[in-house]
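Below is one structure, written out as structure tokens; comments come after it.
Rule-based calculations on the coordinates, nothing more; no lab input. Owing to the predicted nature of the structure, the values given are computational and were not obtained by experimental measurement. Methodologically, a virtual Cβ is constructed for each residue, glycine included, from the backbone with ideal geometry; neighbour enumeration extends over all protein chains shown.
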Amino acid sequence: MRMRTILRLPAWCSGPTTLSHHRESHTTLGQLAQNGIDPSDDRVHWFTLTFNNDIAILKKAMALHDALAADLKTTLGPAAFSTQCVLQPIPSFFGTIGARKGGNMLGLDAVKTNSILWLGTVAYKDPDHDKVAHKKLEKSFRELEKFAKSRNGMSSGSISIMRTKRRTHSSLTEKPTWTL
């Protein structure tokens, strides 16, 4: 018997209800980005970093996140922001498969070791918090990058990205403007 797995999306998602339906539709990246906007109207700063799968680096990432959250509680107030620290495994075989297929747009074919993609974010509503939120998150990013380098944890295929996303619109009915 052949089984088929269908991904059911949450009710709040305005997109297609199954993955198989989504595959059949023709959607541009711009449409996906526009449809993926959350309704929270938060301003978000985010950084990513790719490093070798090393428990010491992972522990450092978590410690830096805890310190960032504590610092922001003092600076912005405990109810004025939210943070995320995401650690996504990138197995080395992703790079091998990508290289075999001619590469990929993310550059994963250059990642030769089992790696971790770290994503750090700070979200908030008050535009007056822009500089502080960005500065404090960037400090965590730089410290994590420095620590990973000190452990030879940044392979030649490591990816470092620093981006700021600020959504500027006054209501959910307007089209948002993204600054990257």
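Stretched out straight at 0.36 nm per residue, the stretch from A80 to E143 would grow longer than its current Cα-Cα span by 20.3 nm. The shape of segment 66-147 can be summarised by an equivalent ellipsoid whose semi-axes, obtained from the alpha carbon gyration tensor, come to 34, 12, 10 Å from longest to shortest.
Three principal axis extents of segment 80-122 based on alpha-carbon atoms, in descending order, are 47, 19, 10 Å.
Give, in nm to one decimal, the length gained when the segment between K59 and R151 is fully stretched (0.36 nm per residue of separation minus the Cα-Cα distance). All intermediate terms of the calculation are to be shown ahead of the outcome.
Values: separation 92, 0.36 × 92 = 33.12 nm, distance 1.29 nm.
So the chain would gain 31.8 nm between K59 and R151.
Per-residue packing, averaged as other Cβ atoms within 10 Å, sorts the ranges 65-76, 114-125, 131-142 into the order 114-125, 131-142, 65-76, beginning with the highest.
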